[in-house]
Structures are given as C-alpha cells and as structure tokens.
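J.: This is the structure I want to talk about, given as structure tokens.
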Amino acid sequence: MPEMRIRPVGFVTGSPEDELRTIEISPEFEDGLLRIEHCEHLWVLFWMHALPEEERQVLQVHPRGDRARPLTGVFATHSPMRPNPIGMTRVKLVRREGLRLVVEGLDALAGSPVIDLKSG
C-alpha cells in the first residue's frame, strides 16, 4: 500500500478543561475558511499526537477501560488507541477571528495538529 501524507491545516491551542478553545489555521489554508462563520457546528479531525507508538498497536480494548465489558475491536469503539490516531469531535463554532476559530466542545490536546474541518 502506498504511504499516505497528511498535512495539518492548523493546530489546537488551549486546554481541554477550557470551555472555549482556539484552532489556529495556517495562512496557506485561509481561502478554505470562506463563509465558515455561517456554520453553527464543525467536525474537527485531529491527530492525537501524544498517543505513544506502542498504544497504536493495540487492536482490542475493554470499552471505556471497563474490564467488566468484553474485549472489543478498536474500530467498534471510541477508544483513542488505534493504528492511525485520528480524533474526531463535533464542536460549536462560536466565532471566527481571521485565521482563528473559537470553538466550544473540542477535546483535543493543545498542539494537536488539525487535519481537516467539515461543516456539521
């Protein structure tokens, strides 16, 4: 299979504990923001950059870490442990400030590369 290359369109700032978070979009992708302020919600796809390589090898987990639940394949769960650590969160777009998107509900860590945005 050919190798894939993913370029971040921006990065997350702020802490997951903050109510509002900011996505800083790279200037080269500014044209892709045209009329984004008309969207009430966005799907944010991000790279879970802090996930250690060894956890990317785990293919079965107990859902929510609850050992009382049976082992389940990661593709059937919301587990962060996956071969390609791509996170996806639906957020409320609060406002656009130039290249900054202020959002509510983003659970990505600060510094997480944002790999795509979709209206949602």
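The values are calculated or read from the model by the stated rules, or taken from the named source; none is laboratory data. All figures in this text were calculated on a predicted structure; none of them were measured in a lab. Every residue, glycine as well, gets a Cβ built from its backbone with ideal geometry; the counts of neighbours run over all protein chains shown.
J.: Out of region 48-87, which residues are under 22 Å from residue 118 (Cα atoms) and either of a type in the set (A, V, I, L, M, F, W, C) or in contact with a strand residue (DSSP E or B) (Cβ under 9 Å, 6 or more places away or on another chain) (or both)?
T.: Listed by number, the residues that qualify are 48, 49, 75, 77, 79, 80, 84, 85, 86, 87.
J.: Please go through region 2-48 and give me each residue that is of a type in the set (Gly, Ala, Ser) and either outside any strand (DSSP E or B) or surrounded by fewer than 12 Cβ atoms within 10 Å (Cβ to Cβ) (or both), ordered by number. Spell out how you get there, then give the answer.
T.: So in region 2-48, the residues of a type in the set (Gly, Ala, Ser) come out as 10, 14-15, 26, 32.
If the condition is that a residue be of a type in the set (Gly, Ala, Ser) and either outside any strand (DSSP E or B) or surrounded by fewer than 12 Cβ atoms within 10 Å (Cβ to Cβ) (or both), then 14, 15, 26, 32 are the ones that fit.
J.: When only residues in region 62-120 that are outside any strand (DSSP E or B), within 26 Å of residue 38 (Cβ to Cβ) and among the hydrophobic types (A, V, I, L, M, F, W, C) count, which is farthest from the chain's Cα centre (by Cα)?
T.: 99
J.: Counting just the residues of region 83-117 that are out of contact with any Gly (no Cβ under 7 Å at 6 or more places or on another chain) and polar (S, T, N, Q), which one comes out modelled with the highest pLDDT?
T.: Going through the qualifying residues, I end up with 112.
J.: With under 18 Å from residue 14 (Cα atoms) and either exposed (fewer than 15 other Cβ atoms within 10 Å of the Cβ) or touching a Cys at 6+ places or on another chain (Cβ under 7 Å) (or both) as the only criterion, which of 87, 111, 73 stands out? It would help to see each step written out before you state the result.
T.: Numbers: 87 fails: either exposed (fewer than 15 other Cβ atoms within 10 Å of the Cβ) or touching a Cys at 6+ places or on another chain (Cβ under 7 Å) (or both); 73 fails: under 18 Å from residue 14 (Cα atoms).
Step by step, each of 87, 111, 73 is checked, and only 111 is under 18 Å from residue 14 (Cα atoms) and either exposed (fewer than 15 other Cβ atoms within 10 Å of the Cβ) or touching a Cys at 6+ places or on another chain (Cβ under 7 Å) (or both).
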